[in-house]
1. Among the residues of the stretch 36-48, write down those that are at pLDDT below 95 and either buried (at least 17 other Cβ atoms within 10 Å of the Cβ) or on the phi > 0 side of the Ramachandran plot (or both).
2. How about the stretch 1-53: which of its residues are over 21 Å from GLY110 (Cα atoms) and of a type in the set (Val, Ile, Thr)?
3. Sort out which residues of the stretch 50-63 are among the aliphatic types (A, V, I, L, M) and either in contact (Cβ under 8 Å) with a residue 60 or more places away in the chain or surrounded by 16 or more Cβ atoms within 10 Å (Cβ to Cβ) (or both), and write them in order of number.
4. Would you check which residues across the stretch 1-35 are over 23 Å from GLY87 (Cβ atoms), under 11 Å from the mean Cα position of the chain (by Cα) and exposed (fewer than 15 other Cβ atoms within 10 Å of the Cβ) and list them?
5. Go through LEU88, LEU104 for me and flag whichever is of a type in the set (A, V, I, L, M), more than 14 Å from LEU14 (Cβ to Cβ) and touching a Pro at 6+ places or on another chain (Cβ under 6 Å).
6. Inspect all residues belonging to the stretch 55-63 and state whether any of them is within 19 Å of VAL115 (Cβ to Cβ) and either at pLDDT 95 or above or among the polar types (S, T, N, Q) (or both).
7. Scan the stretch 68-78 and tell me whether some residue there is surrounded by 14 or more Cβ atoms within 10 Å (Cβ to Cβ) and either touching a Gly at 6+ places or on another chain (Cβ under 8 Å) or part of a loop (DSSP other than H, G, I, E, B) (or both).
8. The conditions are (1) in contact with a Leu (Cβ under 8 Å, 6 or more places away or on another chain); (2) within 21 Å of PRO3 (Cα to Cα); (3) not hydrophobic (A, V, I, L, M, F, W, C), and GLN58 fails exactly one of them. Which is it?
Amino acid sequence: MNPEIFIEKYEAALATQDWQQVDPLIHPQACVTFSSGRVHIGKTAVRHAFERNFALIQDETYAIENVHWVMRGEETAVYLFTFRWSGLINGEPASGAGTGSSVLINSEDGWQLLVEHLGPKAN
């Protein structure tokens, strides 16, 4: 797997809304910041945050677009991207979009997400 394939797998895993699909793609020391500003440090905290989102947003679609590679090496990759999501919250349509940055590392378990920072949509 290369970093580009990682993004495809990550996007597909998120679409399942099943942590077991996402889990292998997340590094044990991962740190994820959601667009709300909440920071989740460590795989356990990241898992709880993702599972809360999975439970809150039903039938979610999530897309990673406009990927810009800042750096791609043998062991580390960094990219910027835009994202968008839509689904149902309490039975009502909901959606959002924003920008993100991610750091991947190539560990003994393959490419994994080490850092992800999601923010509001750029003006």
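1. GLY37
2. If the condition is that a residue be over 21 Å from GLY110 (Cα atoms) and of a type in the set (Val, Ile, Thr), then THR33, VAL39 are the ones that fit.
3. Just the residues of the stretch 50-63 that are among the aliphatic types (A, V, I, L, M), to begin with: 55-57, 63.
If the condition is that a residue be among the aliphatic types (A, V, I, L, M) and either in contact (Cβ under 8 Å) with a residue 60 or more places away in the chain or surrounded by 16 or more Cβ atoms within 10 Å (Cβ to Cβ) (or both), then ILE57 is the only one that fits.
4. none
5. On the way: LEU88 fails: touching a Pro at 6+ places or on another chain (Cβ under 6 Å).
Step by step, each of LEU88, LEU104 is checked, and only LEU104 is of a type in the set (A, V, I, L, M), more than 14 Å from LEU14 (Cβ to Cβ) and touching a Pro at 6+ places or on another chain (Cβ under 6 Å).
6. Residues of the stretch 55-63 within 19 Å of VAL115 (Cβ to Cβ): 62.
With the extra rule that they be either at pLDDT 95 or above or among the polar types (S, T, N, Q) (or both), the set shrinks to none.
So far as the stretch 55-63 goes, no, none of its residues is within 19 Å of VAL115 (Cβ to Cβ) and either at pLDDT 95 or above or among the polar types (S, T, N, Q) (or both).
7. No, the stretch 68-78 contains no residue that is surrounded by 14 or more Cβ atoms within 10 Å (Cβ to Cβ) and either touching a Gly at 6+ places or on another chain (Cβ under 8 Å) or part of a loop (DSSP other than H, G, I, E, B) (or both).
8. (2)
The values are calculated or read from the model by the stated rules, or taken from the named source; none is laboratory data. Keep in mind that what you see is a predicted model, and the values were worked out from it rather than measured. FYI the Cβ positions are ideal-geometry reconstructions off the backbone, even for glycines, and counts take in every protein chain you see.
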